[in-house]
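The values are calculated or read from the model by the stated rules, or taken from the named source; none is laboratory data. This one's a predicted model, so the numbers in the text were calculated from it and none came from an experiment. For neighbour counting, all protein chains shown are included, and Cβ atoms are generated from backbone atoms with ideal geometry for every residue, glycine included.
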Amino acid sequence: MRILVDEDSQARAQLNILRADGHDVVAIGELGKNGTPDPEVLDLAQSLARVLLTHNTEDFHHLHSERPDHRGIMAVHRDADPRKNMNHAQIAAAIRRLETSGVTITGVFHVLNCWR
């Protein structure tokens, strides 16, 4: 899968795991685009033909509602209780499950927590 990783999700360990899984991954920071407003991040993902990976569930869910013509958004919800949050390996496993499930990714907002 071709993935653009948002600024809030671009931990080196996460990128390494996704790349080891065979994904074509580019992080916002690698493009010199840290601090880019969310609408522009979604535009960039679209222009690069990439699915977006983010922890910014609320803002990107809103953008998805306004502009559902994207390659797909994979969002990771963060809980107030850190013990309930997904680690890098769990995020990668959820992406594998999503990808192999056969469900449509393009134009859909996926909460990866549901794919644990």
Qualifying residue in the range 36-44 (condition: buried (at least 16 other Cβ atoms within 10 Å of the Cβ), within 13 Å of the chain's Cα centre (by Cα), free of Cβ contacts under 8 Å to residues at least 60 places away in the same chain and not in a helix (DSSP H, G or I)): no
Complete set of residues in the range 48-62 that are under 17 Å from I105 (Cβ atoms) and either surrounded by fewer than 20 Cβ atoms within 10 Å (Cβ to Cβ) or touching an Asp or Glu at 6+ places or on another chain (Cβ under 9 Å) (or both): L48, A49, R50, L52, L53, T54, T57, F60, H61
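Which one of these is assigned to a loop (DSSP other than H, G, I, E, B) and either modelled with pLDDT of 95 or more or touching a Lys or Arg at 6+ places or on another chain (Cβ under 8 Å) (or both): I17, I105, I95?
Just a single option satisfies the conditions, and that option is I105.
Name the one entry in G29, G72, G22 that is surrounded by 13 or more Cβ atoms within 10 Å (Cβ to Cβ) and at positive phi.
G72
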Neighbours by Cβ (under 6 Å, 6+ apart or cross-chain): first from the range 65-83, farther than 20 Å from L48 by Cβ; second aliphatic (A, V, I, L, M) and part of a strand (DSSP E or B): H77/V111
